[in-house]
Structures are given as C-alpha cells and as structure tokens.
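Scroll down for the structure; my scribbles are underneath it.
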Amino acid sequence: MNEIAPAFAYSGLSPELLVSDLARSLAFWRDLCGFAVAYERPEERFVYLDRGGLQVMLKELGSPMRAWMKSDLEKPFGRGVNFQFRIGDVDRLAAKFVAADWPLLLPLEEKLYRVGAGQILVRQFAASDPDGYIVRFSQDIET
C-alpha cells in the first residue's frame with residue numbers, strides 16, 4: 001500500500017475519520033469511492049486520501065493515538081454526519097455502488113435546492129461507510 005497519488009494541494013477542510021478497520025475502510029473509500037492514497041503512515045494506521053481535491057483522513061482506532069481523544073466511540077461512528085462531495089461523474093460512481101451491491105441510503109436522484117435567491121438542480125446519492133459515516137456524492141446539473 002505504498003501508492004503515491006499525483007501531487008495535490010491540501011484542501012482547506014480535511015476531516016479525519018476514526019475507523020474500526022483501516023483495510024475495510026480503504027476498500028470503501030479507495031476502491032469503491034475512487035479516492036487515492038496521497039500518503040500514509042502505516043506505523044500509525046493512518047492514510048490521507050484525495051479525490052481531485054476532495055480529501056479525507058482515516059485513522060484506525062487502537063493505533064497510537066494522541067491524548068486529545070477523551071471519550072469512547074460507539075458504532076455507528078458517523079451518527080448523522082453527512083459529508084457531501086461534489087464530483088463530475090455521479091452516474092458512474094452510483095453504478096459502481098450498485099454493482100458492488102452496496103446499500104444506498106438515498107438512491108440516485110435529481111433534486112432541486114433553493115440557494116439564496118436562485119435554485120440549483122443536482123444529481124446525487126448517499127451511502128454509509130463501514131463505520132456509519134454518511135457520504136453523499138452530488139453533481140451540479142444546472143443552476
């Protein structure tokens with residue numbers, strides 16, 4: 001697992017998700033969702049993922065942790081957190097989820113949202129990762 005993604009710029013927001021099984025989470029985030037491993041620290045059971053500027057960090061519970069973690073986690077870890085990722089290939093990615101028989105929380109749909117005084121039409125779907133973090137992939141159709 002010594003992959004190096006193409007050079008990238010760090011995002012202004014890169015959530016770090018604590019996961020119960022790094023290999024299982026990588027199968028979801030990398031293999032299914034299409035994120036690439038930008039870098040990793042195997043000794044810490046940590047990976048930094050990038051998908052065209054969308055970034056997520058994964059850190060396995062039970063690995064060396066810093067002292068700021070003050071409470072125990074209970075599954076599902078996500079507990080309602082909904083990460084929206086804007087991508088350009090939502091139909092292809094949704095088809096990949098269906099082919100993998102991965103349960104969708106929100107089947108592929110088109111939805112009109114009010115944004116300020118205007119509206120935006122998006123195509124989107126949502127699923128849950130192995131630890132309960134909700135991911136919603138959306139593509140702008142028109143504004």
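Working carefully through the options D72, D89, D101, find the one that is of a type in the set (D, E, K, R), modelled with pLDDT under 95, surrounded by fewer than 17 Cβ atoms within 10 Å (Cβ to Cβ) and farther than 17 Å from V19 by Cβ.
None of the others qualify; the one that does is D89.
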Problem - Unmet requirement for A126, which otherwise passes all of (1) surrounded by 12 or more Cβ atoms within 10 Å (Cβ to Cβ); (2) out of contact with any Phe, Trp or Tyr (no Cβ under 8 Å at 6 or more places or on another chain); (3) not in a helix (DSSP H, G or I) - result: (2)
Handout entry: Single residue of region 4-52 satisfying the filter (outside any strand (DSSP E or B) and touching a Ser or Thr at 6+ places or on another chain (Cβ under 6 Å)) that is surrounded by the most Cβ atoms within 10 Å (Cβ to Cβ)
Key = R45
Practice task
Determine the pairs where a residue that is on the phi > 0 side of the Ramachandran plot, located within region 117-134, has a partner that is in a strand (DSSP E or B) with Cβ atoms under 7 Å apart, the partner being 6 or more residues away or on another chain.
Solution key: none
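The values are calculated or read from the model by the stated rules, or taken from the named source; none is laboratory data. Every value quoted in this text rests on a predicted model; they were computed, and no experiment measured them. Here Cβ is always computed from backbone atoms with ideal geometry, including for glycine, and neighbour counts include all displayed protein chains.
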